[in-house]
Amino acid sequence: MTGRQQRRLCAAAFMASVVLASATGGRVGVLAQEAPQSPARGGQAVLPYAEKKFGGDVGTTFQDADPAQFPQPVRAPEGAPNVLLVLLDDVGFGQFGVTGGGVPSPAMDALAAEGLTFTRFHTTALCSPTRAALLTGRNHNVAGTGVITELATGYDGYTGVIPKDTATVSEILRQNGYATAWIGKNHNTPIYETSAAGPFDHWPNGLGFDYFYGFMAGDTNQLRPYLFENQTPIGTPTAADYYLSVDLADRTIDWLKTLEAIQPAKPWFAYLAPAATHAPHQAPRELIEKYAGKFAMGWDAYREQTFERQKAQGIIPADTELTPRPASLPAWDSLDADQKRLYERMMEVFAAFGEQVDHEVGRVLDYVGSLPDADNTLIIYIVGDNGASAEGGFDGTLNENAFFNAYLMKTGEMIDRIDEIGTEMHFNHFPAGWAWAMDTPFQWTKQVASHLGGVRNPMVVRWPAKQGPGGETRTQFLHVIDIAPTILDAAGIAQPRSVNGTTQVPIQGRSFLPTLADPEAPEVRTSQYFEMFANRGMYQGGWWAASLSFEPWQPERGEWDPFTAKWELYNLEEDFSQARDLAGENPGKLEQLKALWWAQAAANKALPLDWRGAERFSAEFTGKPNLAGDRTSFTYAGPLAGLPESSAPDLKNKSFSVSARLDIGEGANGMIFTQGGNTGGWAFYLRDGLLKAAHNFIDVELYTVEAGAPLAAGTHEVAMTFAYAGGEEMGGGGTLTLSVDGQEVGRGEIGRTTPFKYSLSENQDIGSDTGTPVTYDYRTPLTFEGRLEEVVVDLRP
């Protein structure tokens, strides 16, 4: 017997004695040696994969043990493609040139020439819901996101929380060997979980993305966004020439370059979600000027011109009818000179914004096209998460947030500031008439899930290795829930039954992969329900039943009865644009689809219907969680930046005070406390030693109070106290008082206050201002000069 054999025999005897002495009575078996973990072959039904343990013989020393084996990472199936998923924001079917619109889109045009344009692809009519359905492959209500996160109500279909039983496609890909990144807009984290305190399991890193760079809100200032990298706030860029679309393209390319340099064989999934063309519509001045006079024809003529281009390009059937303008929208020719001048400018800015994002996404497409495996890269470019937005109201607005506070600006309030439109100074949004025009040839706009103007968006797909000839269109009826299963199908990865210990709700989408090679491939989707703000749609077998609840430009929505509301009926096989209502001719079909809608709504957690408007933004009104909880006093030990409004003390519709202990030099400047920005909010600050306070009422009125003399150098206790006089009324006024060391130094009346929401993306800051200024009396960041020892906020209901 050799020495090695003796050592092995001793080791075996020793191990046997340990087993026999064990109180558990268990038995140690010898496992067969395992080879390094092989690539995933279709994935497995339960994720994650089990951790691999050493399967050889373990001796008493390395000399008599089998060779060591390291656990091998899971590898994607052989030939799995890279995937680039692009999702634009608030885009109408007739907006970009790729589908006949008036906004040039050379990058999209080039992709469509090489790929396939899908003309019957559908979204949910709103932002967060479309994105949740996109990532999970389940209907938006099943994914807990029946509405944007700010309007969540707490019912299962409307929590704003993507449930653990609807795992994202990114999580499935990541656990099957993909590198994953999300760059751009994240509007799928509950608003009360977006602070630095987390929790982070509903942030992109918790939803299956290795890397995240972007903003955590429904919209943001394009020049001054508040940005995050993974879970770390990196603040607001300050470069004079900064634009978000440029930054997001740069970051996407940089991430891909890093992967290519380090691990080029590993497939990747990149989700690029620019903020464009959601409000605020902002673009470089020279790009805006390029469009001067280009939209003088007005929205009626724009629709007619776009309609003809769509037919000429083969985007819509030759027998399509152009749907008429809603009765509540004015004809362009009925407008006065100031209205036309203002509305033209707003559309010029919007077009420049659209051209910019097309160019920046085009840079990403060009880089992807330069990679060695470009032919095995699946590009899915969804041109909008819903139709164009009418949330600017009839006249447009300098502040989209005004609409969310049930206020519609008038031309007279804006015309004198026309030259500021498109800059960082305003959160501007064009009029509803232009939104309707962008949705040519359909009826209605964003929010209106009952009609195609709200839910039909173009989609361009390119996968050279698998598709048919480029430049063709596809007309199969698809829905956003079909994206995730298509990606998994392309990757050769099975849909799992369990992910991270949670049994999964089956993916409801279906792969449309066969349509890439075969224009005559069978229909993928023959039935689909739609619901948003009680706008209801039911599609089945070519027929569509539609019921409109409220026009989308109505911020305040009163009494309404879903059981007596009017329904319409369309045969989409013969009527591409929903121009001919057949409800009177085929009542039996309509009743069948209405009954099916109620059944689908119940099965998919779309009930209860809720048609309320701006009041749903109020956390106090809806009972949404808030990190502030029931506290009425908040103490901050010095500077604290970037606390989201939804996690900060709620200052709206009540009395409150903000007091601070500070130590300053002569003529000091600095922000003491701010909540909100140029879309609405409060600021309490020093400028040249003078104590000042301001309330911005949704960029409509600015109220300011200041002390009579500058503060002397030294230590002081200062306070801003607001006495609300509105009673139970929301948005009432009150009296604002400033004090220094217990003595009143300034007083003024605040005529009205912001009732529901200061912003979707601004923060509460102490010691600086990380966003846009509440008043342009100061420039951000207005970092505090001196020592800010303590800031206390007291709420006084």
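The values are calculated or read from the model by the stated rules, or taken from the named source; none is laboratory data. As the structure is a prediction and not an experimental result, all values here were calculated from the model. Ideal geometry is used to build each Cβ from the backbone, glycine not excepted, and the neighbour counts take in all protein chains shown. Ligands, DNA and RNA are excluded from the accessible area calculation, which covers all protein heavy atoms including side chains. Shrake-Rupley method; radii C 1.70, N 1.55, O 1.52, S 1.80 Å.
Compute the FRET efficiency between PHE563 and THR635 as 1/(1 + (r/R0)^6), taking r as their Cβ-Cβ distance and R0 = 56 Å, and round to the nearest 0.05.
After rounding to 0.05, the efficiency reads 0.65.
The alpha carbon centroids of region 647-681 and region 309-371 are separated by 41 Å.
If the chain between ARG779 and ALA331 were fully stretched, how many nm would it gain, using 0.36 nm times the residue separation less the Cα-Cα distance? Kindly include the intermediate steps, with their values, before the conclusion.
Values: separation 448, 0.36 × 448 = 161.28 nm, distance 4.11 nm.
Contour length minus Cα-Cα distance gives 157.2 nm.
Distance between the modelled labels on ARG580 and GLU744, one decimal in nanometres: 7.3 nm (7 Å Cα→Cβ projection).
Counting only lysines at least 8 places from LYS294 when in the same chain, those with an alpha carbon closer than 16 Å to its own are LYS340.
When peptides 335-347, 125-137 are sorted by average Cβ neighbour count within 10 Å, with the highest value leading, the order is 125-137, 335-347. If a spin label sat at a point 7 angstrom from the Cα of LEU371 along the line to its beta carbon, the backbone N atoms of region 248-277 nearer than 11 Å would be those of 253-261, 263-271.
In region 727-782, what chymotrypsin sites (Phe, Trp or Tyr not before Pro) fall in a loop by DSSP, with at most 14 other Cβ atoms inside 10 Å?
Within region 727-782, the qualifying chymotrypsin sites (Phe, Trp or Tyr not before Pro) (loop, at most 14 other Cβ atoms within 10 Å) are TYR776.
Of the listed residues TRP268, TRP598, the order by accessible area with a 1.4 Å probe, largest first, is TRP598, TRP268.
Of all accessible surface on the chain at a 1.4 Å probe, what whole percent is carbon and sulfur? C and S fraction of accessible area: 52 percent.
Pairs over the 23 Å Cα-Cα cut-off, from the set LYS624/LYS652; LYS654/LYS692; LYS446/LYS624; LYS410/LYS692; LYS164/LYS446; LYS185/LYS257: LYS446/LYS624; LYS410/LYS692; LYS164/LYS446.
When each of the peptides 53-61, 216-224 is scored by the mean number of other C-beta atoms lying within 10 Å of its residues, the order from highest to lowest reads 216-224, 53-61. Scanning residues 5 or more positions from VAL745 or on other chains, those with amide H under 5 Å from its amide H are LEU738, SER739, VAL740, with H placed 1.01 Å from N in the peptide plane. Stretched out straight at 0.36 nm per residue, the stretch from GLU728 to ALA312 would grow longer than its current Cα-Cα span by 144.0 nm. Most tightly packed first, judged by the mean number of other beta-carbon atoms within 10 Å of their residues, the peptides 152-164, 447-459, 391-403 read 447-459, 391-403, 152-164.
Could you check the spin-label model distance between THR503 and ALA292? Points 7 Å from the Cα along Cα→Cβ, value in nm. It is 6.7 nm.
Which residues does the label zone of THR715 cover in region 780-797, counting backbone N under 16 Å from a point 7 Å along Cα→Cβ? Residues 786-791 fall inside that zone.
Ordering TRP597, TRP567 by accessible surface, largest first, gives TRP567, TRP597; the 1.4 Å probe counts only protein heavy atoms, with every chain in place. Using a simple spin-label model with pseudo-atoms 7 Å out from Cα toward Cβ, GLU701 and TYR155 lie 3.7 nm apart.
About the Cα centre of region 548-701, how large is the charge dipole given +1 on each Lys and Arg Cβ and -1 on each Asp and Glu Cβ? Please answer in debye to the nearest 20. Mind dumping the intermediate values first?
Numbers: 15 positive and 22 negative charges, 135 e Å.
It works out to roughly 640 debye.
Applying 1/(1 + (r/R0)^6) with r as the Cβ-Cβ distance of ARG796 and ALA197 and R0 = 25 angstrom yields a FRET efficiency of 0.50. Estimated at the nearest 10 Å², the accessible area of ARG612 is 80 Å² with a 1.4 Å probe. Heavy-atom accessible surface of the chain, averaged per residue, reaches 36 Å², computed with a 1.4 Å probe.
Fully extending the segment from ASP319 to GLU615, taken as 0.36 nm per residue of separation minus the present Cα-Cα distance, adds 102.3 nm.
As a calculated quantity, the FRET efficiency between GLU520 and ALA240 at R0 = 60 Å, using C-beta atoms, amounts to about 0.65.
Put simply, the amide H of GLU568, placed in the peptide plane, has neighbours under 5 Å in ALA546, SER547, leaving out anything fewer than 5 places away on its chain. Looking at the chain alone, DSSP beta bridges between its own residues are antiparallel in about 75 percent of cases.
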